[in-house]
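Single-structure report; data block below.
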Amino acid sequence: MGDPKPAEECGVFGVWAPGEEVAKLTYFGLFALQHRGQESAGIAVSEGNRIMVVKDMGLVSQVFDENALNSLTGHLSVGHTRYSTTGASEWKNAQPTYRATTRGGLALAHNGNLTNTDELEAWLHQLDADANVARKDSMDSTNDTSLVTALMATYEGSIWDAALAVLPRLEGAFCFTFLDQSTLYAARDRHGIRPLVLGRLERGWVVASETAALDIVGATFIREVEPGELIAIDAGGLRATRFADADPKGCVFEYVYLARPDTAIAGRRVHNVRVEIGRTLAAEAPVDADVVIGVPESGIPAAEGYAQASGIPYSRGIVKNAYVGRTFIQPSQTLRQLGIRLKLNPIRDVIAGRRVVVVDDSIVRGNTQRALVRMLREAGAAEVHVRISSPPVEWPCFYGIDFATRAELIAPGLTVSDVCRSIAADSLAYVSVEGLVASVGLPKRRLCRACFDGVYPAPIPTAAARAMRLPVPAPTAPSIVAAP
Ligand code: SF4
(Lines give C-alpha, C1' and ligand atoms only; values in the text may rest on other atoms or scores of the structure.)
Protein backbone atom coordinates (compact mmCIF):
# COMPACT_ATOMS: atom_id res chain seq x y z
CA MET A 1 0.00 0.00 0.00
CA GLY A 2 1.23 3.50 -0.75
CA ASP A 3 1.84 6.17 1.81
CA PRO A 4 1.56 9.87 1.32
CA LYS A 5 4.71 11.89 1.87
CA PRO A 6 4.33 15.02 3.99
CA ALA A 7 2.59 17.50 1.72
CA GLU A 8 3.56 21.12 1.30
CA GLU A 9 0.59 23.40 1.14
CA CYS A 10 1.48 25.90 -1.55
CA GLY A 11 3.93 27.99 -3.51
CA VAL A 12 3.50 31.74 -4.02
CA PHE A 13 5.04 34.15 -6.48
CA GLY A 14 4.68 37.82 -7.32
CA VAL A 15 6.25 40.23 -9.80
CA TRP A 16 6.17 43.99 -10.38
CA ALA A 17 7.92 44.79 -13.65
CA PRO A 18 6.57 47.37 -16.14
CA GLY A 19 7.57 46.46 -19.68
CA GLU A 20 7.96 42.75 -18.91
CA GLU A 21 5.56 39.92 -19.68
CA VAL A 22 4.63 39.49 -16.04
CA ALA A 23 2.17 36.63 -16.61
CA LYS A 24 4.90 34.59 -18.30
CA LEU A 25 7.40 35.41 -15.56
CA THR A 26 4.82 34.25 -13.02
CA TYR A 27 4.14 31.11 -15.02
CA PHE A 28 7.83 30.18 -14.96
CA GLY A 29 8.07 31.11 -11.29
CA LEU A 30 5.16 28.81 -10.48
CA PHE A 31 6.68 26.13 -12.68
CA ALA A 32 9.76 26.26 -10.43
CA LEU A 33 7.50 25.96 -7.37
CA GLN A 34 5.37 23.12 -8.73
CA HIS A 35 6.73 20.71 -6.09
CA ARG A 36 4.99 22.79 -3.39
CA GLY A 37 1.51 22.01 -4.68
CA GLN A 38 0.06 20.23 -7.66
CA GLU A 39 -3.69 20.39 -7.28
CA SER A 40 -4.44 23.81 -8.72
CA ALA A 41 -2.66 26.85 -10.12
CA GLY A 42 -3.61 30.47 -10.74
CA ILE A 43 -2.31 33.86 -11.82
CA ALA A 44 -3.77 37.35 -11.24
CA VAL A 45 -2.50 40.26 -13.34
CA SER A 46 -3.19 44.00 -13.24
CA GLU A 47 -2.46 46.63 -15.87
CA GLY A 48 -3.25 49.52 -13.54
CA ASN A 49 -7.04 49.63 -13.78
CA ARG A 50 -8.33 46.10 -13.93
CA ILE A 51 -7.32 42.82 -12.28
CA MET A 52 -7.72 39.61 -14.25
CA VAL A 53 -7.53 36.18 -12.62
CA VAL A 54 -7.12 32.81 -14.33
CA LYS A 55 -7.04 29.69 -12.16
CA ASP A 56 -7.99 26.07 -12.48
CA MET A 57 -7.39 22.59 -11.16
CA GLY A 58 -4.21 20.88 -12.34
CA LEU A 59 -0.50 21.48 -12.85
CA VAL A 60 0.78 24.89 -13.89
CA SER A 61 1.44 23.57 -17.40
CA GLN A 62 -2.09 22.17 -17.60
CA VAL A 63 -3.82 25.33 -16.42
CA PHE A 64 -1.96 27.80 -18.65
CA ASP A 65 -1.20 27.75 -22.35
CA GLU A 66 0.24 30.45 -24.57
CA ASN A 67 -3.20 31.95 -25.28
CA ALA A 68 -4.16 32.18 -21.62
CA LEU A 69 -0.85 33.84 -20.76
CA ASN A 70 -1.08 36.27 -23.68
CA SER A 71 -4.51 37.36 -22.47
CA LEU A 72 -3.07 38.27 -19.05
CA THR A 73 -1.50 41.63 -19.81
CA GLY A 74 -0.25 44.07 -17.22
CA HIS A 75 2.77 45.10 -15.18
CA LEU A 76 2.16 43.33 -11.88
CA SER A 77 1.11 39.82 -11.09
CA VAL A 78 0.75 37.22 -8.34
CA GLY A 79 0.57 33.47 -8.76
CA HIS A 80 -0.14 30.40 -6.72
CA THR A 81 0.22 26.66 -6.87
CA ARG A 82 -1.80 24.72 -4.37
CA TYR A 83 -2.01 21.56 -2.33
CA SER A 84 -5.11 21.59 -0.14
CA THR A 85 -4.74 21.29 3.61
CA THR A 86 -7.71 23.49 4.47
CA GLY A 87 -10.66 23.50 2.16
CA ALA A 88 -11.42 20.79 -0.34
CA SER A 89 -9.47 20.17 -3.52
CA GLU A 90 -11.87 21.97 -5.83
CA TRP A 91 -11.98 24.98 -8.12
CA LYS A 92 -13.56 27.44 -5.72
CA ASN A 93 -10.60 26.96 -3.35
CA ALA A 94 -7.98 27.55 -6.05
CA GLN A 95 -5.94 30.74 -5.65
CA PRO A 96 -5.32 33.63 -6.02
CA THR A 97 -8.58 34.53 -4.32
CA TYR A 98 -10.22 37.71 -5.59
CA ARG A 99 -12.49 40.25 -3.89
CA ALA A 100 -13.89 43.54 -5.06
CA THR A 101 -13.07 46.44 -2.74
CA THR A 102 -14.41 49.94 -2.51
CA ARG A 103 -11.31 51.07 -4.41
CA GLY A 104 -11.20 48.30 -6.99
CA GLY A 105 -10.04 44.78 -6.28
CA LEU A 106 -7.71 42.55 -4.31
CA ALA A 107 -6.15 39.25 -5.41
CA LEU A 108 -4.26 37.22 -2.82
CA ALA A 109 -2.12 34.06 -2.75
CA HIS A 110 -1.22 32.24 0.48
CA ASN A 111 1.30 29.64 1.60
CA GLY A 112 0.81 28.29 5.14
CA ASN A 113 -2.07 27.61 7.47
CA LEU A 114 -3.84 29.98 9.84
CA THR A 115 -4.73 28.59 13.25
CA ASN A 116 -7.30 31.11 14.51
CA THR A 117 -9.86 31.01 11.71
CA ASP A 118 -12.78 30.81 14.19
CA GLU A 119 -11.81 34.18 15.66
CA LEU A 120 -11.22 35.66 12.23
CA GLU A 121 -14.59 34.45 11.00
CA ALA A 122 -16.25 36.04 14.02
CA TRP A 123 -14.38 39.28 13.30
CA LEU A 124 -15.54 39.26 9.68
CA HIS A 125 -19.15 38.77 10.76
CA GLN A 126 -18.76 41.63 13.20
CA LEU A 127 -17.34 43.90 10.49
CA ASP A 128 -20.21 42.90 8.22
CA ALA A 129 -22.75 43.55 10.97
CA ASP A 130 -21.18 46.94 11.74
CA ALA A 131 -21.38 47.84 8.07
CA ASN A 132 -24.88 46.42 7.89
CA VAL A 133 -23.83 44.10 5.08
CA ALA A 134 -25.58 40.80 4.50
CA ARG A 135 -22.60 39.03 3.00
CA LYS A 136 -23.84 35.89 1.32
CA ASP A 137 -20.53 35.27 -0.33
CA SER A 138 -18.14 36.01 2.51
CA MET A 139 -17.22 32.34 2.68
CA ASP A 140 -17.91 31.29 -0.87
CA SER A 141 -14.84 29.11 -0.60
CA THR A 142 -13.74 27.10 2.39
CA ASN A 143 -10.14 28.00 2.98
CA ASP A 144 -8.45 30.37 5.39
CA THR A 145 -7.14 32.43 2.47
CA SER A 146 -10.64 33.50 1.43
CA LEU A 147 -11.24 34.66 4.97
CA VAL A 148 -8.14 36.91 4.93
CA THR A 149 -9.05 38.25 1.50
CA ALA A 150 -12.59 39.04 2.71
CA LEU A 151 -11.25 40.74 5.84
CA MET A 152 -8.85 42.93 3.88
CA ALA A 153 -11.50 43.73 1.27
CA THR A 154 -14.04 44.63 3.95
CA TYR A 155 -11.69 46.99 5.75
CA GLU A 156 -12.15 50.63 4.85
CA GLY A 157 -9.17 52.41 3.37
CA SER A 158 -6.23 51.37 1.24
CA ILE A 159 -4.98 47.79 0.94
CA TRP A 160 -1.82 48.86 2.80
CA ASP A 161 -3.98 50.06 5.69
CA ALA A 162 -6.18 46.98 5.52
CA ALA A 163 -3.11 44.72 5.61
CA LEU A 164 -1.74 46.55 8.64
CA ALA A 165 -5.07 46.09 10.39
CA VAL A 166 -5.54 42.41 9.49
CA LEU A 167 -2.03 40.90 9.52
CA PRO A 168 -1.37 41.40 13.26
CA ARG A 169 -4.59 39.50 14.04
CA LEU A 170 -3.56 36.36 12.14
CA GLU A 171 -2.11 33.35 13.99
CA GLY A 172 -0.23 30.46 12.45
CA ALA A 173 1.85 30.40 9.29
CA PHE A 174 1.43 32.68 6.33
CA CYS A 175 3.37 33.97 3.39
CA PHE A 176 1.16 36.17 1.24
CA THR A 177 1.68 37.74 -2.14
CA PHE A 178 -1.19 40.02 -3.12
CA LEU A 179 -2.00 42.91 -5.36
CA ASP A 180 -4.46 45.68 -6.00
CA GLN A 181 -4.60 47.52 -9.32
CA SER A 182 -1.24 49.25 -8.91
CA THR A 183 0.75 47.67 -6.09
CA LEU A 184 2.35 44.31 -5.36
CA TYR A 185 2.43 43.32 -1.67
CA ALA A 186 4.19 40.55 0.27
CA ALA A 187 3.88 39.61 3.94
CA ARG A 188 5.30 36.88 6.17
CA ASP A 189 4.16 35.77 9.62
CA ARG A 190 6.21 36.89 12.62
CA HIS A 191 7.77 33.42 12.97
CA GLY A 192 8.75 33.18 9.30
CA ILE A 193 7.65 29.56 9.37
CA ARG A 194 7.43 29.25 5.58
CA PRO A 195 10.13 30.74 3.33
CA LEU A 196 9.59 33.93 1.28
CA VAL A 197 12.28 35.83 -0.60
CA LEU A 198 12.68 39.08 -2.47
CA GLY A 199 14.55 39.36 -5.76
CA ARG A 200 15.44 42.06 -8.26
CA LEU A 201 14.94 42.06 -12.00
CA GLU A 202 16.65 44.58 -14.21
CA ARG A 203 13.33 46.44 -14.45
CA GLY A 204 11.37 45.24 -11.48
CA TRP A 205 10.95 43.08 -8.39
CA VAL A 206 10.02 39.50 -7.64
CA VAL A 207 8.82 37.75 -4.48
CA ALA A 208 8.76 33.96 -4.31
CA SER A 209 8.47 31.06 -1.90
CA GLU A 210 11.94 29.82 -2.79
CA THR A 211 15.17 31.26 -4.18
CA ALA A 212 15.09 28.59 -6.93
CA ALA A 213 12.10 30.44 -8.44
CA LEU A 214 14.17 33.66 -8.53
CA ASP A 215 16.94 31.83 -10.38
CA ILE A 216 14.52 30.51 -12.97
CA VAL A 217 13.18 33.96 -13.92
CA GLY A 218 16.63 35.56 -13.88
CA ALA A 219 16.08 37.57 -10.69
CA THR A 220 18.89 38.32 -8.26
CA PHE A 221 18.31 37.36 -4.64
CA ILE A 222 18.15 40.50 -2.51
CA ARG A 223 17.00 39.23 0.89
CA GLU A 224 14.31 37.28 2.70
CA VAL A 225 11.01 38.95 3.42
CA GLU A 226 11.58 39.31 7.17
CA PRO A 227 9.28 37.61 9.68
CA GLY A 228 6.59 40.12 10.64
CA GLU A 229 7.25 42.31 7.60
CA LEU A 230 4.90 43.84 5.04
CA ILE A 231 6.36 44.99 1.72
CA ALA A 232 4.70 47.05 -1.00
CA ILE A 233 6.13 47.69 -4.45
CA ASP A 234 4.74 50.20 -6.93
CA ALA A 235 5.81 53.05 -9.20
CA GLY A 236 7.14 54.87 -6.13
CA GLY A 237 9.55 52.01 -5.35
CA LEU A 238 9.66 49.55 -2.45
CA ARG A 239 8.46 50.36 1.04
CA ALA A 240 8.50 48.01 4.00
CA THR A 241 7.25 48.04 7.57
CA ARG A 242 6.84 45.67 10.50
CA PHE A 243 3.36 44.60 11.55
CA ALA A 244 4.76 42.41 14.37
CA ASP A 245 8.07 41.77 16.13
CA ALA A 246 10.10 39.04 14.45
CA ASP A 247 10.48 35.75 16.35
CA PRO A 248 11.99 33.44 13.69
CA LYS A 249 10.98 29.77 13.81
CA GLY A 250 11.62 28.47 10.32
CA CYS A 251 10.20 25.06 9.47
CA VAL A 252 13.03 22.54 9.84
CA PHE A 253 11.20 20.17 7.52
CA GLU A 254 11.75 22.53 4.59
CA TYR A 255 15.43 21.54 4.80
CA VAL A 256 14.72 17.80 5.09
CA TYR A 257 12.20 17.37 2.34
CA LEU A 258 9.92 20.21 1.30
CA ALA A 259 12.12 22.78 -0.41
CA ARG A 260 14.00 22.28 -3.65
CA PRO A 261 17.66 21.24 -3.14
CA ASP A 262 18.79 24.26 -5.18
CA THR A 263 17.00 26.66 -2.83
CA ALA A 264 18.63 28.53 0.05
CA ILE A 265 16.74 29.29 3.26
CA ALA A 266 18.14 31.57 5.95
CA GLY A 267 21.47 31.45 4.13
CA ARG A 268 21.62 27.63 4.15
CA ARG A 269 21.76 25.73 0.86
CA VAL A 270 19.16 22.98 1.16
CA HIS A 271 21.27 20.43 -0.75
CA ASN A 272 24.25 20.99 1.56
CA VAL A 273 22.07 20.67 4.64
CA ARG A 274 20.71 17.33 3.36
CA VAL A 275 24.25 16.01 2.80
CA GLU A 276 25.17 17.15 6.30
CA ILE A 277 22.15 15.40 7.81
CA GLY A 278 23.35 12.18 6.13
CA ARG A 279 26.81 12.66 7.66
CA THR A 280 25.24 13.19 11.08
CA LEU A 281 23.08 10.10 10.62
CA ALA A 282 26.17 8.01 9.81
CA ALA A 283 27.83 9.20 13.02
CA GLU A 284 24.72 8.59 15.12
CA ALA A 285 23.63 5.28 13.57
CA PRO A 286 26.56 3.38 11.98
CA VAL A 287 26.10 -0.10 10.52
CA ASP A 288 28.25 -2.66 8.66
CA ALA A 289 27.04 -2.66 5.07
CA ASP A 290 28.23 -2.92 1.45
CA VAL A 291 26.39 -0.10 -0.26
CA VAL A 292 24.43 3.09 0.59
CA ILE A 293 21.49 4.04 -1.59
CA GLY A 294 19.00 6.91 -1.32
CA VAL A 295 15.28 7.09 -1.97
CA PRO A 296 14.85 9.73 -4.70
CA GLU A 297 14.81 12.66 -4.52
CA SER A 298 15.38 14.10 -1.07
CA GLY A 299 16.93 10.88 0.34
CA ILE A 300 19.79 11.02 -2.18
CA PRO A 301 21.91 13.89 -0.80
CA ALA A 302 21.46 12.44 2.70
CA ALA A 303 22.60 9.03 1.36
CA GLU A 304 25.66 10.71 -0.19
CA GLY A 305 26.45 12.28 3.18
CA TYR A 306 25.99 8.95 4.94
CA ALA A 307 28.37 7.30 2.45
CA GLN A 308 30.99 10.05 2.79
CA ALA A 309 31.02 9.85 6.56
CA SER A 310 30.80 6.06 6.85
CA GLY A 311 33.20 5.14 4.03
CA ILE A 312 30.60 2.73 2.60
CA PRO A 313 30.30 3.23 -1.18
CA TYR A 314 27.31 5.17 -2.47
CA SER A 315 25.44 3.89 -5.49
CA ARG A 316 22.24 4.76 -7.25
CA GLY A 317 20.06 1.84 -6.23
CA ILE A 318 16.56 3.09 -6.96
CA VAL A 319 15.22 4.71 -10.11
CA LYS A 320 12.35 7.14 -9.88
CA ASN A 321 9.98 7.71 -12.72
CA ALA A 322 10.38 11.45 -13.11
CA TYR A 323 6.97 11.77 -14.72
CA VAL A 324 4.98 10.54 -11.74
CA GLY A 325 4.14 13.21 -9.18
CA ARG A 326 4.94 12.83 -5.53
CA THR A 327 2.73 10.09 -4.13
CA PHE A 328 0.94 12.39 -1.70
CA ILE A 329 -0.40 14.45 -4.49
CA GLN A 330 -3.19 12.10 -5.48
CA PRO A 331 -5.76 12.50 -2.74
CA SER A 332 -7.65 9.27 -3.44
CA GLN A 333 -6.52 6.17 -1.59
CA THR A 334 -6.73 4.06 -4.74
CA LEU A 335 -4.19 6.23 -6.49
CA ARG A 336 -1.98 6.28 -3.41
CA GLN A 337 -1.90 2.51 -3.41
CA LEU A 338 -0.51 2.57 -6.92
CA GLY A 339 1.96 5.28 -5.89
CA ILE A 340 5.14 3.44 -4.94
CA ARG A 341 4.88 0.84 -7.70
CA LEU A 342 4.42 3.54 -10.30
CA LYS A 343 7.22 5.60 -8.92
CA LEU A 344 10.22 3.62 -7.67
CA ASN A 345 12.09 0.66 -9.10
CA PRO A 346 15.31 -0.93 -7.74
CA ILE A 347 18.48 -1.46 -9.80
CA ARG A 348 19.01 -5.17 -9.16
CA ASP A 349 22.74 -5.26 -9.95
CA VAL A 350 23.38 -2.71 -7.18
CA ILE A 351 21.20 -4.49 -4.65
CA ALA A 352 21.51 -8.26 -5.18
CA GLY A 353 23.59 -10.10 -2.58
CA ARG A 354 24.52 -6.85 -0.78
CA ARG A 355 23.93 -5.49 2.70
CA VAL A 356 22.11 -2.28 1.81
CA VAL A 357 21.74 0.98 3.76
CA VAL A 358 18.75 2.81 2.32
CA VAL A 359 18.29 6.46 3.31
CA ASP A 360 14.84 8.09 3.16
CA ASP A 361 13.68 11.51 4.35
CA SER A 362 10.81 10.58 6.68
CA ILE A 363 8.41 7.93 7.88
CA VAL A 364 4.80 9.07 8.15
CA ARG A 365 2.57 5.98 8.29
CA GLY A 366 5.23 3.40 7.44
CA ASN A 367 3.53 2.03 4.35
CA THR A 368 6.11 3.40 1.89
CA GLN A 369 9.06 2.00 3.86
CA ARG A 370 7.36 -1.41 4.24
CA ALA A 371 6.88 -1.56 0.47
CA LEU A 372 10.43 -0.29 -0.05
CA VAL A 373 12.03 -2.93 2.18
CA ARG A 374 9.99 -5.65 0.48
CA MET A 375 11.01 -4.32 -2.94
CA LEU A 376 14.72 -4.34 -1.99
CA ARG A 377 14.50 -7.90 -0.60
CA GLU A 378 12.77 -9.03 -3.77
CA ALA A 379 15.69 -7.47 -5.68
CA GLY A 380 18.04 -9.74 -3.72
CA ALA A 381 19.28 -7.55 -0.84
CA ALA A 382 21.08 -9.64 1.80
CA GLU A 383 20.18 -7.11 4.52
CA VAL A 384 18.19 -3.87 4.50
CA HIS A 385 19.13 -1.14 6.99
CA VAL A 386 16.79 1.86 6.90
CA ARG A 387 18.13 5.28 7.90
CA ILE A 388 15.81 8.28 8.10
CA SER A 389 17.05 11.86 7.70
CA SER A 390 14.42 13.29 10.06
CA PRO A 391 13.40 12.32 13.60
CA PRO A 392 10.18 10.30 14.14
CA VAL A 393 7.11 12.35 13.19
CA GLU A 394 5.15 12.30 16.44
CA TRP A 395 2.89 15.34 16.16
CA PRO A 396 0.70 16.87 13.47
CA CYS A 397 1.66 20.11 11.75
CA PHE A 398 -0.75 23.05 11.98
CA TYR A 399 1.36 25.36 9.85
CA GLY A 400 0.69 24.10 6.36
CA ILE A 401 2.12 20.58 6.11
CA ASP A 402 -0.23 17.66 5.78
CA PHE A 403 1.39 14.72 7.59
CA ALA A 404 -1.81 12.84 8.48
CA THR A 405 -3.60 12.91 11.80
CA ARG A 406 -1.77 11.86 14.95
CA ALA A 407 -3.75 8.60 14.97
CA GLU A 408 -2.49 7.83 11.46
CA LEU A 409 1.19 8.49 12.22
CA ILE A 410 3.23 5.37 12.91
CA ALA A 411 5.70 6.83 15.43
CA PRO A 412 3.48 7.85 18.38
CA GLY A 413 3.14 4.98 20.82
CA LEU A 414 5.67 2.72 19.06
CA THR A 415 9.36 2.30 19.84
CA VAL A 416 11.90 2.46 17.02
CA SER A 417 12.23 -1.35 17.34
CA ASP A 418 8.45 -1.70 16.91
CA VAL A 419 8.55 0.44 13.76
CA CYS A 420 11.57 -1.54 12.50
CA ARG A 421 9.63 -4.77 12.94
CA SER A 422 6.57 -3.24 11.32
CA ILE A 423 8.46 -2.31 8.16
CA ALA A 424 10.44 -5.61 8.29
CA ALA A 425 13.89 -3.97 8.10
CA ASP A 426 17.08 -5.47 9.59
CA SER A 427 17.70 -2.20 11.40
CA LEU A 428 16.15 1.25 11.56
CA ALA A 429 17.47 4.57 12.86
CA TYR A 430 16.34 8.18 12.66
CA VAL A 431 18.54 11.25 12.97
CA SER A 432 18.07 12.88 16.38
CA VAL A 433 16.42 16.30 16.77
CA GLU A 434 19.76 17.66 18.03
CA GLY A 435 21.60 16.11 15.08
CA LEU A 436 19.10 17.56 12.63
CA VAL A 437 19.32 21.03 14.15
CA ALA A 438 23.13 20.89 14.18
CA SER A 439 23.11 19.84 10.52
CA VAL A 440 20.93 22.83 9.58
CA GLY A 441 23.38 25.07 11.41
CA LEU A 442 20.87 27.47 12.98
CA PRO A 443 20.20 27.84 16.71
CA LYS A 444 17.46 25.46 17.89
CA ARG A 445 15.35 28.38 19.12
CA ARG A 446 15.17 29.69 15.54
CA LEU A 447 13.59 26.52 14.13
CA CYS A 448 10.13 25.00 14.34
CA ARG A 449 10.51 21.28 15.18
CA ALA A 450 6.98 20.79 16.48
CA CYS A 451 6.15 17.69 14.43
CA PHE A 452 9.14 16.02 16.09
CA ASP A 453 9.03 17.36 19.65
CA GLY A 454 5.50 18.76 20.10
CA VAL A 455 6.79 22.26 20.96
CA TYR A 456 4.55 24.48 18.85
CA PRO A 457 6.04 27.95 18.32
CA ALA A 458 2.72 29.59 17.34
CA PRO A 459 -0.71 28.98 18.82
CA ILE A 460 -2.60 25.99 17.46
CA PRO A 461 -6.39 25.59 17.32
CA THR A 462 -7.86 25.20 20.80
CA ALA A 463 -9.79 22.02 19.97
CA ALA A 464 -6.65 20.36 18.61
CA ALA A 465 -4.61 21.40 21.65
CA ARG A 466 -7.26 19.92 23.94
CA ALA A 467 -7.44 16.69 21.92
CA MET A 468 -3.66 16.31 22.18
CA ARG A 469 -3.68 17.28 25.87
CA LEU A 470 -1.42 20.23 25.21
CA PRO A 471 -1.82 23.50 27.10
CA VAL A 472 -4.55 25.53 25.41
CA PRO A 473 -2.70 28.35 23.68
CA ALA A 474 -3.41 31.95 24.54
CA PRO A 475 -3.62 34.14 21.47
CA THR A 476 -0.43 36.15 21.18
CA ALA A 477 -1.13 39.84 21.25
CA PRO A 478 0.87 41.39 18.45
CA SER A 479 3.71 43.40 19.93
CA ILE A 480 3.59 45.84 17.05
CA VAL A 481 0.30 46.89 15.63
CA ALA A 482 0.75 49.58 13.08
CA ALA A 483 -2.07 52.04 13.03
CA PRO A 484 -3.76 52.15 9.66
S1 SF4 B 1 5.44 21.26 12.66
FE2 SF4 B 1 7.07 20.31 11.41
S3 SF4 B 1 6.39 20.51 9.28
FE4 SF4 B 1 5.13 21.90 10.51
S5 SF4 B 1 6.19 23.87 10.42
FE6 SF4 B 1 6.95 22.86 12.24
S7 SF4 B 1 8.78 21.71 11.57
FE8 SF4 B 1 7.64 22.29 9.74
### Message
Are there DSSP H segments in the chain that both extend 20 Å or more along their axis (alpha-carbon positions) and score a mean Kyte-Doolittle hydropathy of at least -0.5? List them, or say none.
### Response
270-284
### Task
With a Förster radius of 22 Å, plug the Cβ-Cβ distance of N132 and T102 into 1/(1 + (r/R0)^6) and report the FRET value to the nearest 0.05.
0.90
### Task
Determine the alpha carbon to alpha carbon distance for each of K55/K343; K249/K444; K24/K55 and list only those over 18 Å.
K55/K343
### Top positive-direction residue, dipole computed over the range 272-441 with Cβ charges, set A425, Y314, G380
G380
### Query
With +1 on each Lys and Arg Cβ and -1 on each Asp and Glu Cβ, how big is the dipole of the range 372-415 about its Cα centre, in debye rounded to the nearest 20?
80
## Note on the structure
The farthest towards the positive end of the charge dipole of the chain, of the residues A150, A212, G48, given +1 on Cβ of Lys and Arg and -1 on Cβ of Asp and Glu, is A212
## Note on the structure
Cα-based Debye curve of the chain sampled at q = 0.11 Å⁻¹ gives log₁₀ I(q)/I(0) of -0.87
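Relative to the Cα centre, what is the charge dipole magnitude of the chain, using +1 at the beta carbon of each Lys and Arg, -1 at the beta carbon of each Asp and Glu, and rounding to the nearest 20 debye?
That gives the chain a dipole magnitude of about 860 debye.
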### Summary
A407 and L238 label points (each 7 Å along its Cα→Cβ direction) are spaced in nm at 4.8
### Query
Taking +1 at the Cβ of each Lys and Arg and -1 at the Cβ of each Asp and Glu, which of T97, L59, V440 sits farthest along the dipole of the chain towards its positive end, judged by Cα position relative to the Cα centre?
V440
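Over all directions, the average projected area of the alpha-carbon convex hull for the range 272-441 comes to how many nm²?
9.6
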### Antiparallel content of DSSP bridges confined to the range 272-441, in %, to 5
15
### Query
Roughly how many debye, to the nearest 20, is the charge dipole of the range 187-296 about its Cα centre, given +1 on each Lys and Arg Cβ, -1 on each Asp and Glu Cβ, and no other charges?
360
### Query
What is the Cα convex hull volume of the range 406-457 when expressed per residue in Å³?
90
### Message
Check which residues have an amide H placed less than 5 Å from T115's amide H, if you skip close sequence neighbours.
### Response
E171, G172, A173
### Rough spin-label spacing in nm, given labels placed 7 Å along Cα→Cβ, for A122 and R223
3.7
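Quick one: with all protein chains in place, what share of the accessible area of the chain is carbon or sulfur, to the nearest percent (1.4 Å probe)? Show your work: numbers first, answer last.
Numbers: 9140 of 18190 Å².
Carbon and sulfur atoms account for 50 percent of the accessible area of the chain.
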### Task
Please give the solvent-accessible surface of Y155 in Å², to the nearest 10, using a probe radius of 1.4 Å with every protein chain present.
60
### Query
Expressed as a fraction of 2.2 N^0.38 Å, the rule-of-thumb size for a compact globular protein of N residues, what is the C-alpha radius of gyration of the range 7-248?
0.91
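Over the range 7-248, give the accessible area per residue in Å² for a 1.4 Å probe, as an integer.
Per-residue value: 34 Å².
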### Query
Label-point separation (nm) for N272 and S71, each offset 7 Å from Cα along Cα-to-Cβ?
4.6
### Message
Quick one: 3J(HN,Hα) in Hz for the range 58-71, Karplus 6.51/-1.76/1.60 with θ = phi - 60°, rounded, Gly and Pro as x.
### Response
x, 6, 3, 6, 8, 7, 10, 10, 3, 5, 4, 5, 5, 7
### Task
Search the structure for amide H atoms under 5 Å from the amide H of G294, placed 1.01 Å from N in the peptide plane, and list their residues when 5 or more places away or on another chain.
G317, I318, V359
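The values are calculated or read from the model by the stated rules, or taken from the named source; none is laboratory data. All values derive from a computational prediction rather than experimental measurement. Neighbour counts run over all protein chains shown; Cβ positions are idealised from the backbone, glycine included. Just the protein is used for accessible areas: all its heavy atoms, side chains included, with ligands, DNA and RNA removed. Shrake-Rupley method; radii C 1.70, N 1.55, O 1.52, S 1.80 Å.
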